[in-house]
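One structure is given here, and the rest of the page talks about it.
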Amino acid sequence: MSLAIQAEGLVKRYGDTVALNGVDLAVPAGKVVGVLGPNGAGKTTTVRILATLLRPDAGHATVAGYDVVAEPVRVRGLIGLTGQYASVDEDLSGTENLVLIGKLLGHSGKAAKTRAIALLDRFGLAEAAGRAAKTYSGGMRRRLDLAASLVGRPQVLYLDEPTTGLDPHARREVWSVVRGLVADGTTVLLTTQYLDEADQLADSVTVIDHGRVVAEGRTDELKRRVGGQTLQVRTASLEDFASVSRILATLTGVEPIADPEIGLLTVPAPDPAVLSALVRKLDEHGITADELALRLPSLDEVFLALTGKPSEEVPA
Ligand SMILES: Nc1ncnc2c1ncn2[C@@H]1O[C@H](COP(=O)(O)OP(=O)(O)OP(=O)(O)O)[C@@H](O)[C@H]1O
Ligand SMILES: [Mg+2]
């Protein structure tokens, strides 16, 4: 299996801040890999290094076999980037934006125009093509951004939080565009704070936190491995809280997530037998629980288990 992107031991420091602390990444050609992580995890830094916009302090990375530091021009010829923040010129129309990029890439005026029209049409922006981008909705702007990154027909596309801030309808529009690109053979590296987005689009995910890879694999594998079922216990009295927490830790081998204010303890419980074991232990200790439940994790809990932080709220 050939790798479109391969990174090993990427390190990046900003003064005292260690943005990346040895990130490894492998993206097979033609696949979608999601890079997940909370704010400040190092997602954008990773993408900027892979896009030749930033030099790593240590480690190395290749795109289609070309080194991002030694052969940046080669790499730039292969990639497209849709940054976290909109990059289109607000005062130019959709067409003008795309034609400008085509010309910057060295296309003739005619070729640039033809490509612009085709892309705008493909992204459902034909009707708005002549309007200034500042009149576009957030979803339209994001699609124009995507179109802009595709003018050069990239083999490898980086999407940095492509749907952050979009409503559910606009998110689905972007997802469908990405699926279309992948169907055409484009390799996609996508960063996101939304696990459901990775679920929808990515063949596998790499979760980073504090500049380190904390987990990687297919999303279903991760859910099973990280999430599985969770056991929730609400103690009747606060005095029992610490004892129950210790019992849970012993039974599952994992420190429970504690919310003392509401007396709630949550712990991953891959083996359902843990529930009956807990009931026996509580009985032995004469502890009464107000609530005892075994349930499947939400996506947020998987993310929380991996990073210790809640994921962003998904727009309702
Ligand atoms: N130019 C910079 N100067 C100083 N520190 C920076 C710079 N760029 C990033 N950092 C720091 O590096 C760390 C990683 O930042 P990065 O932008 O890669 O995170 P991210 O995962 O993209 O976060 P977000 O989800 O908020 O976009 C953060 O602590 C950030 O404050
Ligand atoms: Mg970012």
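The values are calculated or read from the model by the stated rules, or taken from the named source; none is laboratory data. Just so it is clear, the structure is predicted and the values come from calculations on it, not from any experiment. For neighbour counting, all protein chains shown are included, and Cβ atoms are generated from backbone atoms with ideal geometry for every residue, glycine included.
Of all the numbered requirements in (1) away from ligand 2 (no atom under 16 Å from the Cβ); (2) under 19 Å from Leu78 (Cα atoms), Leu189 misses one, and that requirement is (1). Could you list, in sequence order, the residues of the stretch 112-126 that are farther than 19 Å from Asp184 by Cβ and assigned to a helix (DSSP H, G or I)? Ala112, Lys113, listed by residue number.
Which residue, of Val177, Val233, Val254, is at pLDDT below 90 and outside the structural domain of Gly124 (by TED's automatic domain parsing)?
On the way: Val177 fails: outside the structural domain of Gly124 (by TED's automatic domain parsing); Val233 fails: at pLDDT below 90.
Answer to the check: Val254.
The stretch 151-242 holds no strands (runs of 3 or more DSSP E) entirely within its bounds that carry 3 or more residues that are among the acidic types (Asp, Glu). Screening Leu146, Leu157, Leu189 for residues that are within 12 Å of the chain's Cα centre (by Cα) and in the same structural domain as Val73 (by TED's automatic domain parsing) leaves exactly one candidate, Leu189.
Cβ separations smaller than 9 Å between residues 6+ apart or across chains give the following pairs from the stretch 159-173 residues that are more than 16 Å from ligand 2 (Cβ to nearest atom) to residues that are at pLDDT below 85 and not in a loop (DSSP other than H, G, I, E, B): Asp167/Gly138; Asp167/Gly139; His169/Gly139; Ala170/Gly138; Ala170/Gly139; Arg171/Gly139; Glu173/Gly139.
For the stretch 251-286, the set of residues classified as over 18 Å from Gly308 (Cα atoms) and in contact (Cβ under 8 Å) with a residue 24 or more places away in the chain consists of Leu251, Ile262, Gly263, Pro270, Pro272, Val274, Leu275, Ala277, Leu278, Lys281, Leu282, His285, listed by residue number.
Among residues of the stretch 127-142 being part of a loop (DSSP other than H, G, I, E, B) and not aromatic (Phe, Trp, Tyr), the one that is surrounded by the most Cβ atoms within 10 Å (Cβ to Cβ) is Ala128.
Go over the candidates Leu92, Leu104, Leu81 one by one and state the one that is surrounded by 15 or more Cβ atoms within 10 Å (Cβ to Cβ) and over 22 Å from the mean Cα position of the chain (by Cα).
Details: Leu104 fails: surrounded by 15 or more Cβ atoms within 10 Å (Cβ to Cβ); Leu81 fails: over 22 Å from the mean Cα position of the chain (by Cα).
The conditions single out Leu92.
Among the criteria (1) among the aliphatic types (A, V, I, L, M); (2) away from ligand 2 (no atom under 16 Å from the Cβ); (3) in a loop (DSSP other than H, G, I, E, B), the one Ala147 does not fulfil is (3). In this structure, Val151 does not satisfy being β-branched (Val, Ile, Thr), under 25 Å from Arg74 (Cβ atoms) and modelled with pLDDT of 95 or more.
With respect to the conditions (1) surrounded by fewer than 24 Cβ atoms within 10 Å (Cβ to Cβ); (2) under 22 Å from Gln200 (Cα atoms); (3) of a type outside the set (D, E, K, R), Gly9 falls short on a single one, namely (2).
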